[in-house]
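The values are calculated or read from the model by the stated rules, or taken from the named source; none is laboratory data. Remember, predicted model here, so these are calculated numbers, not experimental data. Neighbour counts run over all protein chains shown; Cβ positions are idealised from the backbone, glycine included. Please note that ligands, DNA and RNA were not included when accessible areas were found on the heavy atoms of the full protein model with its side chains. Shrake-Rupley method; radii C 1.70, N 1.55, O 1.52, S 1.80 Å.
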Amino acid sequence: DHPEIQEEIYRKDDRLLALLKDVYVESRDPPVRVKDGSGEHLPCKQEEKRLTKLGHLGNLDVKKVPKGKISIVEALTLLNNHKLNPQIWTAEKIAVEYSLELKEVNSLLEFFIPFAVQEFPKETKKAI
């Protein structure tokens, strides 16, 4: 919008051009060192994965998980199964079914409890 600013931008400054011509930049790559192989990392063994056991919530979760781990939907499912039928869904059966460590399954069943939704009768709602 301001022609005087545009003119200042495009104007050559001979003093600056002369100083710029005196600048010399030299760049060199560092010398290449040959690796002796002692610090070389070997490729890791690929993690073994298993297909998840999802049931009717399959579209909400991942399809594969590493062995020794479970998905969120599987965790909720196995916790609910254990809560409803603890004689059938024992820690040992869950560990085998989901490829988990028994110690971890016992901790999971002890410390994680699925929510229980309770509905109050209509007459009680008025009192609340």
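Restricting attention to segment 14-35, the residues that are open to solvent by less than 100 Å² (accessible area, probe 1.4 Å) and of a type in the set (Val, Ile, Thr) add up to 1.
Taken over segment 65-95, the residue count meeting the criterion of being under 20 Å from ALA116 (Cβ atoms) and of a type outside the set (Lys, Arg) is 18. The residues in segment 79-100 that are more than 15 Å from PHE111 (Cα to Cα) and either outside any loop (DSSP other than H, G, I, E, B) or touching a Ser or Thr at 6+ places or on another chain (Cβ under 8 Å) (or both) can be counted, and the count is 8.
Total residues in segment 73-121 satisfying the condition of being open to solvent by less than 60 Å² (accessible area, probe 1.4 Å) and more than 24 Å from LYS63 (Cα to Cα): the figure is 3.
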